[in-house]
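Okay, so here's the structure we're looking at.
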Amino acid sequence: MKRILVWTGLLVITAGAPAFAQAHVEISGFAGWVFSDGVSGDARLGQDGQIYDRIDPKDSANFGFSVGVLASDNAEVGFMFAQQKSALVAGGTNEKEFGDLTITNYHGYFAYNWGDADAAVRPFFFGGLGATTFGDVSGTVLGVPRTFGSETQFSTTWGAGVKFYPAPGFGIRVGAHWTPTYIKSDAGGWWCDPWYGCFLVGNAQYSNQFQLNGGVTIRF
């Protein structure tokens, strides 16, 4: 699944290359810190006498890269990869770490860069669609060794930042990303309409990644 997502993103860029033969290509690498949260659930009593009612990825560092084609002076389309080396943590009246967790994001994106193409400072904003993979986790639950299999879910990503170009083909970028990933829905109650009757509605829960990062950009 991971390879399919990566190759799909690269093929989208490659397929579009002839149409943008005169366009610039930007390759960026970045690293930073991610503030992560997970989802809540039913309260459970652990062997340690503590109550656990949620599970979260641990805040940690991440790294990634993007490849974008500037279809005009301002519009950019591309593919972004990011990976966070985290851990799975149960929370409630106490916190308990289960094991290492790798979170990987794959997104195609559209970005808008403000200013002239040769400007020394260019603010940018982007939005993307793709998937987030939560990797395998091996640990001990209630005294029993267990392995939780990997899972891939649809996600979006949104971000903004600024690119600084001390030289025409080389830049430094700083930015912030938000990546919400749908995990599950809990029953939220009933919605009733005089014409259509009553329906059970749910409250969607998302795992959110908020990241601050910096990196470099090379423009061809």
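Where a number appears in this text, it was derived from the coordinates with a stated rule and is not lab data. Small disclaimer: the values here were computed from a predicted structure and weren't measured. Virtual Cβ from ideal backbone geometry, glycine too; neighbours counted across all protein chains shown.
Under a crude label model (7 Å from the Cα following the beta-carbon direction), how far is residue 94 from residue 178 in nanometres?
Spacing of the two 7 Å Cα→Cβ label points: 3.5 nm.
State the answer as a single residue: which of 55, 32, 65 lies farthest towards the positive end of the charge dipole of the range 27-66, with beta carbon charges of +1 for Lys and Arg and -1 for Asp and Glu, about the Cα centre.
It is 65.
What are the chymotrypsin sites (Phe, Trp or Tyr not before Pro) within the range 94-158 that DSSP puts in a loop, where the Cβ has at most 16 other Cβ atoms within 10 Å?
Details: sites: 98, 106, 109, 110, 112, 114, 124, 125, 126, 134, 148, 154, 158; in loops: 114.
When the chymotrypsin sites (Phe, Trp or Tyr not before Pro) of the range 94-158 are filtered for loop state and at most 16 Cβ neighbours within 10 Å, 114 remain.
Multiply the residue separation of residue 63 and residue 160 by 0.36 nm, subtract the distance between their alpha-carbon atoms, and state the gained length in nm to one decimal. Spell out each step's value before the answer.
Details: separation 97, 0.36 × 97 = 34.92 nm, distance 1.66 nm.
Length gained between residue 63 and residue 160: 33.3 nm.
When only Cα pairs under 8 Å and 6 or more residues apart are kept, what is the percent relative contact order across the range 34-84?
Worked out over the range 34-84, it gives 31 percent.
By its C-alpha gyration tensor, with a ≥ b ≥ c as the square roots of the eigenvalues, how is the range 20-69 shaped: rounded for a/c under 1.5, else prolate for a/b larger than b/c, else oblate?
Working: a/c = 7.89, a/b = 3.61, b/c = 2.18.
Verdict is prolate for the range 20-69.
Starting from 0.36 nm per residue, how many nanometres of slack lie between residue 136 and residue 117 once their C-alpha separation is accounted for? Mind showing how you got there, number by number?
Values: separation 19, 0.36 × 19 = 6.84 nm, distance 4.30 nm.
Once the chain is fully extended between residue 136 and residue 117, it gains 2.5 nm.
To the nearest 0.05, how large is the calculated FRET efficiency for residue 75 and residue 53 if R₀ is 45 Å and r is the Cβ-Cβ distance?
Details: r = 45 Å, r/R0 = 1.00.
Efficiency at R0 = 45 Å is approximately 0.50.
Sort 60, 72 so the one with the fewest other Cβ atoms within 10 Å of its own Cβ comes first.
On the way: 60 16, 72 12.
Neighbour counts put them in this order, fewest first: 72, 60.
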